[in-house]
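Step one of this worksheet: look at the structure below.
The values are calculated or read from the model by the stated rules, or taken from the named source; none is laboratory data. Bear in mind that the values here come from a model prediction, so they are computed numbers and not experimental data. So basically every Cβ, Gly included, is an ideal-geometry build from the backbone, and we count neighbours across all protein chains shown.
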Amino acid sequence: MKIITASELKSGMQLPEADGFLFDVIEVARETGKTITVRLASDFSSFKSHWTTNGGVLKTFRKSTKLYCAE
């Protein structure tokens, strides 16, 4: 794991939740001067179509927020 700022988020990165499950950043949906909104989907299923077809969830971060990222 490494620590990044939310402004560094891009498609393909993985963010861990407190329970250890990883969420994939599947899209940078919106970016402003201070925030970044990404679409997250769980990679719990080994079948990509199972978690990408539901559209994932949108999560907005302040660009200065520190996040753990799987390497």
Task: Restricting the range 37-71 to residues that are modelled with pLDDT of 70 or more and in a loop (DSSP other than H, G, I, E, B), the residue that is surrounded by the most Cβ atoms within 10 Å (Cβ to Cβ) - done: G56
TODO: Collect the residues in the range 1-28 that are part of a helix (DSSP H, G or I) and surrounded by 14 or more Cβ atoms within 10 Å (Cβ to Cβ), keeping them in residue-number order.
DONE: A6, S7
Task: Every pair of residues 6+ apart whose Cβ atoms lie under 8 Å, when the first sits in the range 7-23 and is of a type in the set (F, W, Y) while the second is surrounded by 11 or more Cβ atoms within 10 Å (Cβ to Cβ) and part of a loop (DSSP other than H, G, I, E, B) - done: F23/E17; F23/D43
